[in-house]
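Before any comments, here is the structure.
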Amino acid sequence: MASHLVIVESPAKARTIEKYLGKDFKVLASYGHVRDLIPKEGAVEVDNRFRMNYSPVERNEKHIATIKRELKKADSIYLATDPDREGEAISWHLYELLAEDGLLDDKPVYRVVFYEITKQAVSEAIEHPREITMDLVNAQQARRALDYLVGFNLSPLLWRKIRRGLSAGRVQSPALRMIVEREQEIEAFDPQEYWSIEADNEFETQPFSARLTRLHNEKVQQFTITNSDQAEAAHRALSDAAGGKLRVASVEKKQRKRNPAAPFTTSTLQQEAARKLGFGAQRTMRTAQRLYEGIDIGEGQVGLISYMRTDSVTLSNEALGEIRDFIAEKFGAENLPESPREYKTKSKNAQEAHEAIRPTSAYNEPFKIKPHLGDDEFRLYSLIWKRTMACQMIHATLDTVTVDLAAGSEHGFRANGSTIRDPGFMRVYIEDKDDPKPDDNQDKLLPPMREGDFVDLKQIRLEQHFTEPPPRYSEASLVKALEEYGIGRPSTYASIITTLLDREYVELENKRFHPTDVGRVVSRFLTQHFPQYVDYDFTAQLEDSLDEISRGEADWLPLMDGFWTSFKTQVDDKMENVSRDEAIQSRQLGVDEKTGKPITVRMGRYGPFVQIGTRDDDEKPRFAGLRPGQKMDTITLEEALELFKLPRQLGSSPEGEEISVNIGRFGPYVKYDDKFVSLKTKEGDDPYTIGLERALELVAEKKEFDANREIKVFDGTDIKILRGRYGPYITDGHKNARVPKDVEDPATLDLATCEELIAKAPPPKSRRKKAVKKKAASKKAARKKSVKKKAATKKAASKQATADTE
């Protein structure tokens, strides 16, 4: 029997660690968080020193029960959850749960942390345990309380003022604001015309190009030439002055050093994986988690990388020693700098002092362990391994050459080139960039020229350009911006992006974020009415304060007090004084010529729509939903009026059914009498252009489907036996019942049997929920009544006791 119990977060990690620790240790997984705030009002008691009320995480109750059962047999317990605030909080919550049941009264409890899952790291952690660090726990609790208070108070406001299902978050809302404001920059951008001029030349049979840098003895800048007339005039002047030849005015040669990038942090790993591998932040973190927790590479489970949630760029002395030994063996001592390279974090708020993300062993070369890894694992591990090796290698040395070419005495061109003299770290790895721009110097070899040489001018090329707006955020550039502003932490970047996508506040098109209409409305509402809480500096300052708490430099209660008082006042004020019309930010497009009524575009319960008229009119306003691709901010009056051409009457079917087309809550459809069939928009069906012939095809398909779907219909009743997605079933239009498995042919069932099966069937889910809620409410009322009755009895007994003593 194992005498020590070790708790980690995941079963994969548990398997790896148990192998290292031997038979005296049993390792179990908590499967993540064991407690969370109760999911209702009162989870954070703002009037009781922000007391937080927790309940066990339901999905993990069986795992907690296993831990409790095994703890009774053990002599001690080691809490080995992740080495960050979240991990510290999980250990504390587990401690609290076990203490509540009196399971820790006679057992020592140890907190152990390790940043890589190797035998040495785990053994050293077990030998050097510590206590739970409450400063880290308090920082995590403060973060959780802030997130709860913001979400629990702002989300209902959005539901009431804009539409149901919306949410706001302390970190997600500033991130959304970034994306929306970038889109506004792009829409407001006014492109400026400019021209560039290049010369195509040849010297000793080797062609090369040069750009114009001097015109009429003036330096050429981006907007020196802004139209075709100026460009043509420059072309004539240059051609006349050159006479088919350019003179080499000067040749300047230099050596340039290029240093390697720092090892990966969470942020830079997510950025580079997006650029090089096309991975989203979630995919990167899931893959990194598997590499960290351990993979069998032929010698049992072994952790392949260090902890993947970090903003540190430092490497341990042990790791540096092994990496330098490996570089000397693999690439030669000449590729090793005299001393290890040291890097300083650029992060605005670096968290606890972790290591950078690195391989647990430099000798686990990617190609050696590839057979044991999945494709994503191999690609990400290769990226981490190469970056780590490169960061400790010598710089790359480049030879650069700049040649100035004269066209007469007033004009000049410049050619740049470079060659790699010594690749250094570039043998292993080169960092990518977001939205790279052409680099005139990169790997362009020029012919050897000397001052006074003449080169043949083959042609002068004129190129028209227009300035471009700033690019939309990619996952990589958004993570970089969040980090630079100090918004969020390594563990939150992926979840921020996922939340924005899940809430449909943004869409990813060609790997770039585009805000949706509802995303714009929510962002503008929050920016207008809660500017402080979506302010980048305020959000970063809040992160600073949480960091101070984690380091024991500040208490968490003053932070909560300072935040809550002003925030709650503002929420209450907006709930009372901001109208729904103001919140949904309707925009008037014009006036309907037929009725003289205003035409507006606004956000509704099911999405953006155009409205003719107002609620104050005698007649009900007319509505039409926006088409795919149309946006509230850009739709025109003409486009809006087109939307009101629906419903369109297309004619009649051979059976005399009236055929029309319209758009409903679930998309465009054809109506035939009182029945409906959806348009196949993916196949090109458009409610504004579809004709009768195509509509009849859809109706015929639907009729055929319905006919094949019906196994048996009982005339005079609503009961039918139908073919369903999961097999035949019986329905009366309200309840569904499965056909018993022992019935070979559902058509043989009679009406009485079907009625009996429907009667026994459970109610639909929505009704079932209502019934459960009603039952729960009834129980709650009964409990309240019982408590009141007991209190009254106790009070009466107390009075009687007092009377007796008197």
> Just checking, which of THR614, THR636, THR600 is touching a Ser or Thr at 6+ places or on another chain (Cβ under 6 Å) and without any contact (Cβ under 8 Å) to a residue 60 or more places away in the chain?
Replying inline: THR600
> Listed residues TYR95, TYR54; which is in contact (Cβ under 8 Å) with a residue 12 or more places away in the chain and in contact with a helix residue (DSSP H, G or I) (Cβ under 9 Å, 6 or more places away or on another chain)?
Replying inline: TYR54
>> Restricting to region 670-685, give me the number of residues that are closer than 15 Å to PRO628 by Cβ, open to solvent by 30 Å² or more (accessible area, probe 1.4 Å) and either touching a His at 6+ places or on another chain (Cβ under 8 Å) or in contact (Cβ under 8 Å) with a residue 12 or more places away in the chain (or both).
In response: 3
> Can you name the residue in region 1-51 that is touching a His at 6+ places or on another chain (Cβ under 8 Å) and part of a strand (DSSP E or B) and, of all such residues, is farthest from ARG144 (Cα to Cα)?
Replying inline: PHE25
> Among the strands (runs of 3 or more DSSP E) confined wholly to region 698-761, which include 1 or more residues that are farther than 30 Å from ASP685 by Cβ and touching a Gly at 6+ places or on another chain (Cβ under 8 Å)?
Replying inline: 736-738
> Do you know which residues across region 110-123 are open to solvent by 10 Å² or more (accessible area, probe 1.4 Å) and either part of a loop (DSSP other than H, G, I, E, B) or over 13 Å from THR81 (Cβ atoms) (or both)?
Replying inline: VAL113, PHE114, TYR115, GLU116, THR118, LYS119, GLN120, ALA121, SER123
>> Cβ-Cβ under 8 Å, sequence separation 6+ or interchain: first residue in region 567-582 and farther than 20 Å from MET603 by Cα and without any contact (Cβ under 8 Å) to a residue 60 or more places away in the chain, partner part of a helix (DSSP H, G or I) and not hydroxyl-bearing (Ser, Thr, Tyr). Which pairs?
In response: GLN570/HIS529
> Any residue in region 694-703 that is at pLDDT 90 or above, under 25 Å from TYR606 (Cβ atoms) and open to solvent by 70 Å² or more (accessible area, probe 1.4 Å)?
Replying inline: no
>> Every residue in region 97-109 that is open to solvent by 30 Å² or more (accessible area, probe 1.4 Å) and closer than 23 Å to ARG35 by Cα, please.
In response: ALA99, GLU100, ASP101, GLY102, ASP105, LYS107, PRO108, VAL109
>> Just to check your reading of the model, which residue among SER316, SER382 is among the polar types (S, T, N, Q) and modelled with pLDDT under 95?
In response: SER316
> Residues of region 616-657 being part of a loop (DSSP other than H, G, I, E, B), open to solvent by less than 60 Å² (accessible area, probe 1.4 Å) and among the polar types (S, T, N, Q), which ones?
Replying inline: GLN630, THR636, SER653
> Just checking, which of ALA249, ALA241, ALA274 is touching a Ser or Thr at 6+ places or on another chain (Cβ under 9 Å) and modelled with pLDDT of 95 or more?
Replying inline: ALA241
> What pairs come up if the first residue lies in region 201-230 and is at positive phi, the second is assigned to a loop (DSSP other than H, G, I, E, B) and surrounded by 17 or more Cβ atoms within 10 Å (Cβ to Cβ), and their beta carbons are under 6 Å apart, counting only those six or more places apart or on different chains?
Replying inline: GLU204/PRO447
> Which one is farthest from LYS712 (Cα to Cα), of the residues in region 724-747 that are among the aliphatic types (A, V, I, L, M) and in contact (Cβ under 8 Å) with a residue 12 or more places away in the chain?
Replying inline: ALA737
> Identify, please: which residue in region 162-180 is touching a helix residue (DSSP H, G or I) at 6+ places or on another chain (Cβ under 8 Å) and open to solvent by 20 Å² or more (accessible area, probe 1.4 Å) and is, among those, nearest to ARG605 (Cα to Cα)?
Replying inline: ARG163
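The values are calculated or read from the model by the stated rules, or taken from the named source; none is laboratory data. Everything numeric here is computed off the predicted structure, so don't read it as measured data. Cβ atoms come from the backbone with ideal geometry, glycine included; neighbour counts cover every protein chain shown. The accessibility values were calculated without ligands, DNA or RNA, using every heavy atom of the protein model including side chains. Shrake-Rupley method; radii C 1.70, N 1.55, O 1.52, S 1.80 Å.
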